[in-house]
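Report on the following structure.
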Amino acid sequence: MKARHASAIASVVAWEALDSRGRPTVACRVQLGGGAVGRAIVPSGASTGAHEAVERRDGGERYDGWGVRSAISALTGELGPAVAGLDATDRALVDARLEEVDGTPDLARTGANAVLAVSLASGLAGAQALGRPLWHVLAAAEPGGAATGRTLLPMPMANIFSGGAHAAGAVDIQDVLAVPVGAESFAHALEIVARVRAATAAVLQRRGLSPALVADEGGLSAPMSDNEAAVGVVCEGIEAAGLRSGVDAAVAVDLAASQFGTAEGRYHLRCEDRELDRADWLARLAGWCERYPIVSLEDVLHEDDWSGWAEAVKVLPDHCQLLGDDLFATHVERVREGIDRRSANAVLVKPNQAGTLTRAEHVVREAQRAGLGTVVSARSGDTEDTWLADLAVGWRAGQIKVGSTMRSERTAKWNRLLELEHDLGRKAALAGPEVFGRSTSVSEVRT
Ligand code: 2PG
Ligand code: MG
């Protein structure tokens, strides 16, 4: 159905831009009949899950094969013309047309990077046509609507120390993050995690390690011969910052275990030169939970080890959130499977794993209906865009992960949340630490 009014899509243009790792990515601008404009640059991961929507890359010699000119041709040649004339305020309609034109479940034909660029830019243009910020438009579409209760600002998880694919394998595990569970406001939350980062840098320096090495998401990094030491150094940083461990600031860890484990349950720890089976690996993580104030563990096991995840729920402590990233790949069918199998109790939501705003929104709704936590997340290759912050607020996600407290592609999102907190004042509240507790849907497994 074509819309002949101010919110009808009038033009779609795209070009090749660079992400924060210096790799090409798709940028897109959508203009509507009434002049509203939406613009988006899509992010891209390094520890990419096997079940994600598939981004299209050129291959060949340009940018070592990472070019996206073919995705841009598909965007301007097919996707743009297909959505021309559609009402950009109807996100479901635009996204359904994009999926239909691509025609593949994982959006591999035109490229999920091309599809997401149009989906986001149209959504942003639609919001502008309505004269409202994206978060407000999304919140208004919530079952309860925007008017109910205070707007929820997400509890941040901030990257402090990186390993794995984000730091050339300095350790095997990917991210150790600080979670400011004692914060009274979003601004206070950021202040806490910035203090932890600075103090952790000083701890590294005292050990003769360079704090100048910055990983993909702005975190610190240094080669270590023991994975636990990466968790330990961040906990030391919390204390060195004069903060109460587990009270002011706690810890989250993204193991990204698909990167070094198998679906059969073998975990090869390169930096320790040892291999563990699933039971020993989970026992080790349970030990970490006893020794450190860990509130969230992400991708503890390989993405296709469903029965292992059900085991992890039993072995790891109740107070710790079990978060699925590669496990769910922001795919509604995988989230449903996880709910049926009681495999995790929180879902990481990355719009580019899904491929459209609508798909990502379905995942959030499905997870929230089942009582699972939701963590909106940036990618290791990200951009200066701020829409991710609006998604976290508009969807009442409760948690957000965007990397460290430095590097502009990261601070762009933090700064947008600071802006929203400033503007909303007492109409907004920071999500509390209760977002990390096991939901009944998973606790029931034990009873
Ligand atoms: C993750 C993300 C963000 P990447 O694994 O959670 O930290 O990393 O974008 O490389 O998949
Ligand atoms: Mg992850």
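Per residue, the solvent-accessible area of the chain (1.4 Å probe, heavy atoms of protein chains only, all protein chains present) comes to 36 Å².
Atom-type composition of the exposed protein surface of region 2-131 places 50 percent of the accessible area on carbon and sulfur (1.4 angstrom probe). Ordered from longest to shortest, the equivalent ellipsoid semi-axes for region 247-286 are 22, 11, 10 Å, each the square root of 5 times a Cα gyration tensor eigenvalue. Ranking Arg56, Arg91 by solvent-accessible area of protein heavy atoms (1.4 Å probe, all protein chains present), from largest to smallest, gives Arg56, Arg91. Note on region 281-392: Cα Rg divided by 2.2 N^0.38 Å, N the number of residues, gives 1.07.
The alpha-carbon positions of region 346-394 define a convex hull whose volume is 71 Å³ per residue. Our summary gives region 314-421 a relative contact order of 20 percent, counting only alpha carbon pairs under 8 angstrom and 6 or more residues apart.
Met406 contributes an accessible area of around 80 Å² to the protein surface, as traced by a 1.4 Å probe with all chains present.
Placing a pseudo-label 7 Å from each Cα along the Cα-to-Cβ vector at Glu191 and Ala310 gives an inter-label distance of 4.8 nm. Kirkwood's formula applied to the C-alpha pairs of region 135-291 gives a hydrodynamic radius of 16.9 angstrom. With one equal scatterer per alpha carbon and no solvent term, the Debye-computed log10 I(q)/I(0) for region 110-214 at 0.11 1/Å reads -0.62.
Over the Cα atoms of region 2-131, the radius of gyration divided by the Kirkwood radius equals 0.98; this is the Rg/Rh ratio. Per-residue accessible area (protein heavy atoms, 1.4 Å probe) orders Glu298, Glu100, Glu55 as Glu100, Glu55, Glu298, starting from the largest. Accessible surface of His188, taken over heavy atoms with a 1.4 Å probe and every protein chain present, rounds to 60 Å². For region 242-345, the Kirkwood radius over C-alpha pairs fed into Stokes-Einstein at 4 °C and 1.567 mPa s yields D = 92 µm² per second. Looking only at region 111-136, which residues have a backbone nitrogen under 19 Å from a spot 7 Å from the Cα of Ala6 in the C-beta direction? Counting only backbone N, you get 122-136. The base-10 log of I(q)/I(0) for region 73-141, evaluated at q = 0.13, 0.22, 0.29 Å⁻¹, reads -0.35, -0.87, -1.26 [Debye formula, identical scatterers on Cα atoms, solvent excluded].
By the Cα gyration tensor, the chain has an equivalent ellipsoid whose semi-axes, rounded to whole angstrom, run 34, 23, 22 from largest to smallest. In percent, rounded to a whole number, the relative contact order of region 2-131 is 34, using alpha-carbon pairs under 8 Å and six or more apart. Remark: relative contact order (the chain) = 19 percent; criterion is Cα-Cα distance under 8 angstrom and separation of 6 or more residues. For region 315-447, the average shadow cast by the Cα convex hull is 8.5 nm², which is a quarter of the hull's surface.
Residue ranking by accessible heavy-atom surface, 1.4 Å probe, largest first, among Val203, Val435 comes out as Val435, Val203.
Summing Lys and Arg as +1 and Asp and Glu as -1 over all other residues whose Cβ lies under 14 Å from the Cβ of Glu384 gives a net charge of +3.
The values are calculated or read from the model by the stated rules, or taken from the named source; none is laboratory data. If you're wondering where the values come from, they're calculated on a predicted model, not measured in any experiment. When we count neighbours, we look across all protein chains shown, and the Cβ atoms used for this are built from the backbone with ideal geometry, even at glycine. Accessible surface areas use protein heavy atoms only, side chains included; no ligands, DNA or RNA. Shrake-Rupley method; radii C 1.70, N 1.55, O 1.52, S 1.80 Å.
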